[in-house]
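Some notes on the structure that comes next.
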Amino acid sequence: MGRFRYAIGRLSAAQKPGKGVSLYSRYVNRPAGRLLAAAAYGARMTPNQVTVASAVCTFTGVGLLAVLPPSYALGAGVFAALVVGFALDSADGQLARLTGRGSPAGEWLDHVVDCAKMLALHMAVLVSFYRHFDFSDPRYLLVPVAFQFTAVLIFFGGVLTEQLKRKAGGPAAAAPPSTLRSIALLPVDYGPFCAVFLFLGDRGVFTVLYCALLAVQALFLVAFLVKWYRELSVPAR
C-alpha cells in the first residue's frame, strides 16, 4: 500500500499538460491511468508488461465483437474491454516516467499496439456488419473501411508530426489548455468513441452513430492535415 500511495503522489505532480487532448482524456482516462500505473508500480510491473495488458484487454473486446452477434450485453463487454485497455495505454507511459524505465523500444511497442488496435477494431466492425447487420445496400460495408483509413491516418500523422517537431528543435512551451478545444476534440477521442458500442443492441442506432462519427472524423482529418502541414512549414528558429 505504501508503494501505491508513493506512486500516486509522484504521478499527480508529474502529469502531461492538458493542451491538445479532449476532456475525456484529461479528466477520465489520464486519472484512471494514474491509478492503474500506481497499482502496476505496487505490483512491480514494467511499462512493457502494462502495454501487453492493455493489448490483451483491447483485443479481447475486438475478438468478442467479431465473433458474437450484436446485443446490449456484448456492447457493454466490448465497451468495458476497450475502455480498460485505453486506460492501461495511458498507464504504461505514466509508469515509465515514474520509474525512469522508458525506452525507444517501449515507445515503439506502445505505438505498434495503438496502430494495431485501430486496424483491428474497425475490421471487427466490418466482420460484424457483414455477418449480422443484413444491410440491403452493400456500400455500408465500406463505412468501417473508411473509418479505419481516417483513424489510422490521424494517428500516424499526429505521431509523425510530433517526431518531426522534436527533430526540428524541440516542442514549444506548452500553452494553457483550452476548454473549448477540449470539448471540440471529444468526437475524435478514442474513449468517447468506445461508448458507441453500448448501443450495439440496436443495430440501427449503432449504425447511425458509427456513420456520424466517421463523418466528424473525416472533417477533423482534413483540419489536422492542414494544421500539421502549416506547423511543419514554419522555418525552425
Worksheet item: Being open to solvent by less than 60 Å² (accessible area, probe 1.4 Å), among the polar types (S, T, N, Q), under 22 Å from the mean Cα position of the chain (by Cα) and under 23 Å from residue 111 (Cβ atoms), is that true of even one residue in the range 60-67?
Response: no
Response to the item:
Flagged pairs (Cβ under 7 angstrom, 6 or more apart or on separate chains; first in the range 33-53, open to solvent by less than 70 Å² (accessible area, probe 1.4 Å); second part of a loop (DSSP other than H, G, I, E, B)) are 46/101; 47/101; 47/102
Worksheet item: Are any of the residues in the range 124-138 surrounded by fewer than 17 Cβ atoms within 10 Å (Cβ to Cβ), out of contact with any Ser or Thr (no Cβ under 7 Å at 6 or more places or on another chain) and under 24 Å from residue 88 (Cβ atoms)?
Response: no
Response to the item:
A careful count of residues in the range 177-216 that are part of a helix (DSSP H, G or I), open to solvent by 20 Å² or more (accessible area, probe 1.4 Å) and either modelled with pLDDT under 95 or not aliphatic (A, V, I, L, M) (or both) gives 14
Worksheet, complete the sentence: Restricted to the range 89-146 and to residues being among the basic types (Lys, Arg) and assigned to a helix (DSSP H, G or I), the residue nearest to the chain's Cα centre (by Cα) is 117
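The values are calculated or read from the model by the stated rules, or taken from the named source; none is laboratory data. It should be emphasised that the depicted structure is a prediction, and the values quoted were computed from it without experimental measurement. Backbone-built Cβ (ideal geometry, glycine too); neighbour counts: all protein chains shown. For the accessible areas, the whole protein counts, side chains as well, though only heavy atoms, and no ligand, DNA or RNA atoms are used. Shrake-Rupley method; radii C 1.70, N 1.55, O 1.52, S 1.80 Å.
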